[in-house]
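Working notes, beginning with the structure itself.
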Amino acid sequence: MEFTKMHGLGNDFIIVFGEKELPSDAAELAVKWCNRFFGIGADGLVYILPSEKADFQMRIMNSDGSEAEQCGNAIRCVSKYVYDHGHVDREQITIETIGAGVQPVTLNLRDGKVETVRVDMGEPILDGLQVPTTVDANPVVDHYIEANGHAFKFTAVSMGNPHAVIYVDDAVNFDLTTWGPLLEVHPMFPKKINVEFATVRDRGYVDMRVWERGAGPTLACGTGACATLVSSVLNGHTDRTAVISLKGGDLNIEWSEADNHVYMTGPAEVVFKGVTS
């Protein structure tokens, strides 16, 4: 099978185009191909499929074989792929996701290729039970949680997939590998959770590091950056537009007061192409 390796700020994916539907063995293939020692190596396996609602549908299998409802970095990669390969010739397209519905995308071109992508990520879900968490509140802001005897406070946001944003003194050097796995599977999160550890530098800039559900520590998370901006506004830390700085680079995030939608802008890049054995 032919594939293209792509990444959004280091959050990397194996992109497959041409299947009519999600293969029955997609979970097993994701585990095999995403292995960085015995496979291609990636955070996820992404299928670009036909859609009856949008230009294309995106299905994302995490490296552990579970399926992600949405991924901000993947949708930018998918958008670049379909334009650069001539499958669309418009700078305004739509991508269907299983968790966040149909999302409008604006392609920003340079020399005839997509350089950056602006995605309408839709309205954030703030009701605790819908995120989902076990907390019956709307919104869930600065809520107490304990893991292995250590107390944290989180704000819950769904961007089509669930996030818990936790503010720490130094997100850049935070011990992700200790606390991320514990919080991901905490009983307070019925479908597990993506965990963002954030440090606010000023009202327009936030450092963030992420432990992704089903993938572990990644260099970037687009939906996590969106959730971090929404959380930061709810907590009074930032304005409605800010740079969210991840290990792999920066994303520009806006939570529009006009339509309540979150907009994410960032790059997508091709690494290489190949054929699986």
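Beta bridges per DSSP, both residues in segment 143-260: antiparallel share near 75 percent. Mind jotting down the distance between the C-alpha centroids of segment 103-165 and segment 1-28, whole Å? One Cα centre to the other: 23 Å. Ranked by the mean number of other Cβ atoms within 10 Å of their residues, highest first, the peptides 138-147, 103-112, 16-25 come out as 138-147, 103-112, 16-25. Phi angles across segment 168-182 convert, under the Karplus curve 6.51 cos²θ - 1.76 cosθ + 1.60 with θ = phi - 60°, into 3J(HN,Hα) values of 10, 5, 8, 5, 4, 10, 5, 7, 4, 6, 7, 8, x, x, 5 Hz, Gly and Pro given as x.
Over segment 143-260, calculate the relative contact order: mean separation of alpha carbon pairs under 8 Å at least 6 apart, over the residue count, as a percent. Don't skip to the answer; put the middle values down first.
Values: 240 pairs, mean separation 24.7, N = 118.
So the answer I get is 21 percent.
Solvent-accessible area per residue in the chain equals 42 Å², computed with a 1.4 angstrom probe and all protein chains kept.
Altogether, the Stokes-Einstein calculation at 4 °C and 1.567 mPa s, with the Kirkwood radius of segment 179-277 over Cα pairs as Rh, returns a diffusion coefficient of 89 µm²/s. Residues whose amide H lies under 5 Å from that of residue 43, counting only those 5 or more places away or on a different chain, are 12, 13; hydrogens are built 1.01 Å from N in the peptide plane.
In segment 26-82, what trypsin sites (Lys or Arg not before Pro) fall in a loop by DSSP, with at most 13 other Cβ atoms inside 10 Å? Don't skip to the end; give the middle numbers.
Working: sites: 32, 36, 53, 59, 76, 80; in loops: 36, 53.
Here the sparse-neighbourhood loop sites are 36, 53.
For segment 26-83, applying the loop criterion from DSSP together with a ceiling of 11 other beta carbons within 10 Å to the GluC sites (Glu not before Pro) yields 52. Taken one residue at a time, the phi angles of segment 217-225 give Karplus couplings (6.51, -1.76, 1.60, θ = phi - 60°) of x, 10, 6, 6, 8, x, 5, x, 5 Hz. Gly and Pro are set to x. The helix-only estimate of mean residue ellipticity at 222 nm for the chain, built from DSSP H runs of length n ≥ 4 each weighted as -39500 (n - 2.57), is -5000 deg cm²/dmol after division by the residue total.
Look at the alpha carbon pairs under 8 Å that are at least 6 residues apart: their mean separation over the length of the chain gives a relative contact order of 19 percent.
Roughly speaking, to the nearest percent, how much of the chain's 1.4 Å accessible area is carbon and sulfur? Spell out each step's value before the answer.
Numbers: 5550 of 11620 Å².
For the chain, the apolar C and S fraction of the accessible surface comes to 48 percent.
Distance from the alpha carbon centroid of segment 234-253 to that of segment 187-204 works out to 12 angstrom.
When the gyration tensor of the chain is built from Cα positions, what are the square roots of 5 times its three eigenvalues, in whole Å, from largest to smallest? Intermediate values should be presented prior to the final figure.
Details: eigenvalues 165, 89, 57 Å².
Calculated on Cα positions only, the semi-axes equal 29, 21, 17 Å.
Highest GNM mean-square fluctuation among 38, 189, 152, for the chain modelled with Cα contacts below 10 Å: 38. Remark: the residue 273-residue 168 segment gains 33.9 nm on full extension, using 0.36 nm per residue and subtracting the alpha carbon distance. Along the axis of the charge dipole computed for the chain (Cβ charges of +1 for Lys and Arg, -1 for Asp and Glu, origin at the Cα centre), the listed residues 122, 17, 151 are led at the positive end by 17. A 1.4 Å probe over all protein chains sorts 250, 120 by accessible area into 250, 120, starting with the largest. The HN-Hα couplings worked out from phi for segment 160-165 by the Karplus form 6.51 cos²θ - 1.76 cosθ + 1.60 (θ = phi - 60°) are x, 9, x, 9, 10, 9 Hz, whole numbers, x standing for Gly and Pro.
Compute the FRET efficiency between residue 144 and residue 64 as 1/(1 + (r/R0)^6), taking r as their Cβ-Cβ distance and R0 = 22 Å, and round to the nearest 0.05. Intermediate values should be presented prior to the final figure.
Values: r = 29 Å, r/R0 = 1.30.
So the FRET efficiency works out to roughly 0.15.
Which stretch or stretches of segment 217-237 have amide N atoms under 19 Å from the point lying 7 Å from residue 108's Cα along the Cα→Cβ direction? Inside the label zone: 220-227, 229. Applying both filters, DSSP loop and at most 16 other Cβ atoms within 10 Å, to the trypsin sites (Lys or Arg not before Pro) of segment 183-238 gives 191, 192, 203.
The values are calculated or read from the model by the stated rules, or taken from the named source; none is laboratory data. Nothing here was measured: the structure is a model prediction, and the numbers come from that model. For neighbour counting, all protein chains shown are included, and Cβ atoms are generated from backbone atoms with ideal geometry for every residue, glycine included. Note: areas computed on protein heavy atoms with side chains; ligands, DNA, RNA excluded. Shrake-Rupley method; radii C 1.70, N 1.55, O 1.52, S 1.80 Å.
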